[in-house]
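K.L.:
Let me begin by handing over the structure; questions about it come next.
The values are calculated or read from the model by the stated rules, or taken from the named source; none is laboratory data. This one's a predicted model, so the numbers in the text were calculated from it and none came from an experiment. For neighbour counting, all protein chains shown are included, and Cβ atoms are generated from backbone atoms with ideal geometry for every residue, glycine included. What goes into the accessible areas is simple: the full protein's heavy atoms, side chains included, and nothing from ligands, DNA or RNA. Shrake-Rupley method; radii C 1.70, N 1.55, O 1.52, S 1.80 Å.
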Amino acid sequence: MGIREDIRIVFKKDPAARSTLEVIFCYPGLHAIWMHRVAHSLWNKNLFFLARLTSHISRALTGIEIHPGAKLGERVFIDHGSGVVIGETAEVGDDVLIYMGVVLGGTALEKKKRHPTVENDVVLGSGSIVLGPITIGRGAKVGAGSVVVRSVPPGATVVGVPAKIAGTPQPSTPSEQLDHNKLPDPVLTVISQVLDRLSRLEEQFQAHEKASPMPVPVSIITSEKKFRSKKDEQIYSLLKDVIDPAIGVDIVKLGFVKEVIVDGANVDVNLVLTTSSCPVIEYFKDQVKRKVLSINGVENVNVNILDEPGNGIGQTGSFSIKISLATPEFQLYQAEQN
């Protein structure tokens, strides 16, 4: 592979690159790869001392340590590069993107294959560590700070310590990048599933406890305060059972519940989350819907996620209930409870 292709791949994978002169003189990742090719050539000719000396000089100049015995494919790009370590028996495929602090390390003392094999089109996030003779499949992505000790299937994204597969592996293209700010959280997903299962079991237990469940009709109440207290407390207490699995605090206390609109047998629950990319939005929707549907007389529940900033942790927020009845005695009103 020629120097021109090395420079082209820098422009392709680093939007900060502005000129060819800048790339040639100011990219230590590129310098480390060029010097590694010299060291690897010496290594293959059994000139081990000269190969190691070249590698050592490269490390001193670039802050990147690549053992001369390691095999690097074409169009490998090391972005920034400081702290990158690639072991002797490591194999890196084509079009691999490596960020700073990545370690491809070994886990054995025997003279055998003891470092990872990274296949084509893989992205290794900043500070990620891949240990042992495992394989990172084609198109896989390793999240920043992850520690990978098991092989990763092609197209998968792994995060955490130790790294776990997040979501279903998806086929990727060489142009795809790793969005470090949008990494899924497999642990949070599992916790939400456990909480969902617990909630279902609680509902079954409560239903079993009732010897003769009878629907309680909503009677016409002439006192707005009395009506509001019953309905308010009933919905309010039910929504307190919906826990944010990431924090362990209910959504009412977190201020996620903006308002609940009750119109006869129909209920609309409006939630305001701290981020529109919340990984457990569907969990919140399902839990809120099931809780409110457990109220006698409620037939339909809609859960809406409002596009506005949340109140944040530690604030009770405004819990607003709007109730519309078919009888002329009552008007649409809003009750605020902190």
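K.L.:
Given the condition open to solvent by 60 Å² or more (accessible area, probe 1.4 Å) and modelled with pLDDT under 80, answer yes or no: does some residue in the range 315-323 qualify? Please lay out each step first, then the result.
P.N.:
Here is the first cut: in the range 315-323, the residues open to solvent by 60 Å² or more (accessible area, probe 1.4 Å) are 315-316.
After this cut, where a residue has to be modelled with pLDDT under 80 as well, the list is 315-316.
There is at least one residue in the range 315-323 that is open to solvent by 60 Å² or more (accessible area, probe 1.4 Å) and modelled with pLDDT under 80.
K.L.:
In addition: Here is a list: GLU299, GLU233, GLU308. Which entry is open to solvent by 50 Å² or more (accessible area, probe 1.4 Å), out of contact with any strand residue (DSSP E or B) (no Cβ under 6 Å at 6 or more places or on another chain) and modelled with pLDDT of 80 or more? Break it down stepwise before answering.
P.N.:
Numbers: GLU233 fails: modelled with pLDDT of 80 or more; GLU308 fails: modelled with pLDDT of 80 or more.
Criteria check complete, one pass: GLU299.
K.L.:
Which of (1) modelled with pLDDT under 80; (2) within 20 Å of GLU202 (Cβ to Cβ); (3) open to solvent by 30 Å² or more (accessible area, probe 1.4 Å) is the odd one out, the single condition ASP244 does not satisfy?
P.N.:
(3)
K.L.:
Further question: Just to be sure before I move on: is ARG52 over 36 Å from the mean Cα position of the chain (by Cα) and of a type in the set (D, E, K, R) in the structure I sent? So that I can check it myself, show each step before the final result.
P.N.:
Working: over 36 Å from the mean Cα position of the chain (by Cα): yes; of a type in the set (D, E, K, R): yes.
For ARG52, the condition - over 36 Å from the mean Cα position of the chain (by Cα) and of a type in the set (D, E, K, R) - is met.
K.L.:
Evaluate the following for PHE284: is it closer than 27 Å to ALA166 by Cα and modelled with pLDDT of 75 or more? Working first, answer last.
P.N.:
Values: closer than 27 Å to ALA166 by Cα: yes; modelled with pLDDT of 75 or more: yes.
Yes: the conditions hold for PHE284.
K.L.:
Also: What's the number of the only condition in (1) in a loop (DSSP other than H, G, I, E, B); (2) at negative phi; (3) out of contact with any Phe, Trp or Tyr (no Cβ under 9 Å at 6 or more places or on another chain) that GLY101 fails to meet?
P.N.:
Of (1) in a loop (DSSP other than H, G, I, E, B); (2) at negative phi; (3) out of contact with any Phe, Trp or Tyr (no Cβ under 9 Å at 6 or more places or on another chain), only one is false for GLY101: (2).
K.L.:
If you take the residues in the range 161-191 that are open to solvent by less than 30 Å² (accessible area, probe 1.4 Å) and at pLDDT 70 or above, which one is nearest to GLN287 (Cα to Cα)?
P.N.:
ALA166
K.L.:
Filter the range 130-156 for residues that are open to solvent by 30 Å² or more (accessible area, probe 1.4 Å) and closer than 19 Å to ASP94 by Cα and give the result. Outline the logic, then answer.
P.N.:
Restricting attention to the range 130-156, the residues satisfying the condition of being open to solvent by 30 Å² or more (accessible area, probe 1.4 Å) are 131, 133, 135, 138, 144-145, 147, 149-151, 153-154.
Correct list: PRO133, THR135, ARG138, SER151, PRO153, PRO154.
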